[in-house]
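Here is the structure we will look at, set down as structure tokens.
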Amino acid sequence: MMTLNDLAVRSGGGRRRKEGDMGMTVDVKHTALLVMDVQNGIVSRYIQDASAMRPFQQAVSAARKAGMQVIFVRVAFSEGFPEASPRNKMFAHLAQAGNMTVSADTTQIHESVRPEPGEPVVTKYRVSAFAGSNLEVILRAKDITHLVLCGIATSGVVLSTLREAADKDYALTVLKDACLDADPEVHRVLVEKVFPRQADVMTVEEWAKTLA
């Protein structure tokens, strides 16, 4: 019996661009770059070398230069953590730590990719960028149909957002070198085996060439 994954690959939805395969250009008017969870508290846990931020900076710079919408996504909670359920293992722990409120330094977008005036900063309450946020309303208002994903972590916000966005019928691109994970092998499996079923997966440099 053919699975959904088999159908995706057979139909071309899982085709991964080969390096140098830049025949298609991006419709920047209907595309948005999502910079997800690149916030102080998360960057400090995942990144020790400042050079690891360069792909994120390059992606943001390329999008801005092309006139593409850049949207920043962060995870943060109201004072008192009313949005964090004690049944949710991950977020109950964050509530106990008490340092992920909307006003905390840990939830502010990292200065290396600081938003410019007019660039939305979306606050979410779970792993996916759509969870409890106004992201989908913003995307509809701006007539966005194609999402370019980068963020921390690959197995967290990137995976969850990709799956939900695919189910919402967005076209998808993942910038594999502008995604990080605590486990390099998990990152490799996702960008090589899982993400290509629903998205084009490429480096920031490859993607930037499609914006020319």
Residue tally, condition part of a helix (DSSP H, G or I), more than 24 Å from Ala66 (Cα to Cα) and of a type in the set (Asp, Glu), over the range 158-212: 4
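So which residues in the range 114-130 are without any contact (Cβ under 8 Å) to a residue 12 or more places away in the chain and either among the aliphatic types (A, V, I, L, M) or over 17 Å from Thr31 (Cα atoms) (or both)?
The answer is Arg114, Pro117.
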Matching entry among Ser133, Ser103 (being in a loop (DSSP other than H, G, I, E, B) and touching a Ser or Thr at 6+ places or on another chain (Cβ under 7 Å)): Ser133
Search result, residues across the range 172-186 that are over 14 Å from Asp37 (Cβ atoms) and among the acidic types (Asp, Glu): Asp177, Asp183, Glu185
Near pairs, Cβ below 9 angstrom, 6+ apart or cross-chain, from the range 40-65 (farther than 15 Å from Trp207 by Cα) to any residue that is surrounded by 12 or more Cβ atoms within 10 Å (Cβ to Cβ) and among the basic types (Lys, Arg): Ile42/Arg74
Restricting the range 24-61 to residues that are in contact with a helix residue (DSSP H, G or I) (Cβ under 6 Å, 6 or more places away or on another chain) and part of a loop (DSSP other than H, G, I, E, B), the residue that is nearest to Ala76 (Cα to Cα): Asp37
Some residue of the range 128-147 being acidic (Asp, Glu), surrounded by 17 or more Cβ atoms within 10 Å (Cβ to Cβ) and more than 27 Å from Arg45 (Cα to Cα): no
Condition broken by Ala84, with the remaining ones in (1) farther than 29 Å from Ala141 by Cα; (2) of a type in the set (A, V, I, L, M, F, W, C); (3) at pLDDT below 95 satisfied: (1)
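The values are calculated or read from the model by the stated rules, or taken from the named source; none is laboratory data. All figures in this text were calculated on a predicted structure; none of them were measured in a lab. For neighbour counting, all protein chains shown are included, and Cβ atoms are generated from backbone atoms with ideal geometry for every residue, glycine included.
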